[in-house]
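Notes follow once the structure below has been shown.
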Amino acid sequence: MKLRLHRAWIVGAITFVTLIAAAAFRSTTSIMFVPLEQEFGWTRSLTSSAVAVNLVVYGLTAPFAATLMERFTVRKVAISALGLIVLGTGLTVFMTEGWQLILYWGVFVGLGTGCLALVFASLVANRWFTKRRGLVTGIFSAAYATGQLIFLPLLSTVVMTGGWRFSSIVVAAFAAAIIPLFFLGFKNSPAEANTLPYGGLSSEPAGKAAPRTAAATIGVLFESMRQPAFWVLAGTFFVCGWTTNGLIGAHFIPAAHDHGMPMGTAAGLLALVGVFDFVGTILSGWLTDKVDPVWLLMFYYGLRGLALFTVPFVLGPTVELPLMFFVVFYGLDWIATVPPTIELCRKYFGINRSPTVYGWVFAAHMVGAAIAAAFAGVIREVQGSYFIAWITAAVLCLIAAGSVLILRRIEPNLAIATDRKVAS
């Protein structure tokens, strides 16, 4: 008997590749810190500010991405987003002033990658999968984080051999190469492909995946803010962003460089974090289908906090065993928080509203990342080291681990009952 691949897996594969690519596009700035500072005489605060702007724009774009995709189709928005990334990374080749880095990389690339963030992944998973949704969400989450980390050693090699401008050209070309995939194989919904979601029709209430106007999207935020579950999820995800994209993602390489480690070695370690992240996040997606997501989040944040306390003491000019333990452990825990957080958004806010609600939760994630990126840059400039930044992040994780237990006392069905209120 000939087995036919369900169309959902083709759409999922294109989504997977796009998430890897979009995350990679954002990763170049951290490896360009030192070259840009050396060429233009810019400070660490300035280069960190560019990353912070990118993270804020990226995060605040995410809630509106689902609205744009509902109104103009996923494919059109994704293609436009990739075009913005090509424009932003391409223009950095010609920049000579700090504000241009903030505009091109912070705003243009932030907008483009914000439309291709995990809100995009959540929408695809909701539309195309009623079975294995937690696992698929875990795979998408792994693609998002792993893409950034795996591309770092490749791009750092390009920077060291061809210069930072050539690295920007490579990123722009790669973004352009993704666009044909959407023309060739991506479908916006199972109905457009004349098929059913993988696993068959869902018993959950049908409705729009997102509001169709920006005002309605903001309305979902204000409505969600009335529920304690939103503050718990947004607050803990704020800490997640602080301790991943904002601190480790933006500052691990320059921090390792401060301890005498070559940039290529540090980038390789961050790539290794990505390898283990891929395994850890997919495993987290699988566990989310089987274990209460609240317990998973408590476990993830608690162990992440303990790991961060060790960073100032394991960094050095060479790679020793304690540092390898940190890399492996932090990789497994890097963004394992995403599948249970998305599942809790579905649980407390319903299948139809959850992409938009998760968009706002994700915005909190990236605001946390932006504050951490700027905070760590200032701490490094003032103190001469990142010690306070590491300890602050560790304490925040332990607070998040305790805070998530509040969800055990909140009933989820209040939000599901209002699922049909998504504005058109």
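Miscellaneous remarks
- Residue among Thr213, Thr243 that alone is open to solvent by less than 10 Å² (accessible area, probe 1.4 Å) and closer than 30 Å to Ala24 by Cα: Thr243
- Test: Val17 is under 17 Å from the mean Cα position of the chain (by Cα), within 24 Å of Ala266 (Cβ to Cβ) and modelled with pLDDT of 85 or more: no
- Tally, over segment 78-121, of residues that are over 16 Å from Ala370 (Cα atoms), outside any helix (DSSP H, G or I) and open to solvent by less than 30 Å² (accessible area, probe 1.4 Å): 2
- All positions within segment 68-77 that are open to solvent by less than 10 Å² (accessible area, probe 1.4 Å) and within 18 Å of Val357 (Cβ to Cβ): Met69
Here's the yes/no breakdown for (1) surrounded by 22 or more Cβ atoms within 10 Å (Cβ to Cβ); (2) out of contact with any helix residue (DSSP H, G or I) (no Cβ under 9 Å at 6 or more places or on another chain); (3) closer than 13 Å to Ser49 by Cβ; (4) without any contact (Cβ under 8 Å) to a residue 12 or more places away in the chain:
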{"site": "Thr356", "(1), (2), (3), (4)": "yes, no, no, no"}
{"site": "Trp360", "(1), (2), (3), (4)": "yes, no, no, no"}
{"site": "Met366", "(1), (2), (3), (4)": "yes, no, no, no"}
{"site": "Ala370", "(1), (2), (3), (4)": "yes, no, yes, no"}
{"site": "Gly384", "(1), (2), (3), (4)": "no, no, no, yes"}
{"site": "Ala389", "(1), (2), (3), (4)": "yes, no, no, no"}
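- Of residues in segment 23-44 being more than 17 Å from His365 (Cα to Cα) and aliphatic (A, V, I, L, M), the one most open to solvent (accessible area, probe 1.4 Å): Val34
- Whichever residue in segment 324-339 is hydrophobic (A, V, I, L, M, F, W, C), open to solvent by less than 10 Å² (accessible area, probe 1.4 Å) and touching a Gly at 6+ places or on another chain (Cβ under 7 Å) and, among such residues, is nearest to Leu270 (Cα to Cα): Trp334
- Among (1) among the hydroxyl-bearing types (Ser, Thr, Tyr); (2) open to solvent by less than 30 Å² (accessible area, probe 1.4 Å); (3) closer than 26 Å to Leu181 by Cα - the single one Thr47 does not satisfy: (3)
- In the set Ile351, Ile342, only one residue is open to solvent by 20 Å² or more (accessible area, probe 1.4 Å) and farther than 30 Å from Glu37 by Cα; that residue is Ile351.
The values are calculated or read from the model by the stated rules, or taken from the named source; none is laboratory data. Just so you know, these numbers come straight off a predicted model, no measurement behind them. Cβ sites come from the backbone with ideal geometry, for glycine too, and all protein chains shown count toward neighbours. The protein model used for the area step is the full one, side chains on, heavy atoms only, and it has no ligands, DNA or RNA in it. Shrake-Rupley method; radii C 1.70, N 1.55, O 1.52, S 1.80 Å.
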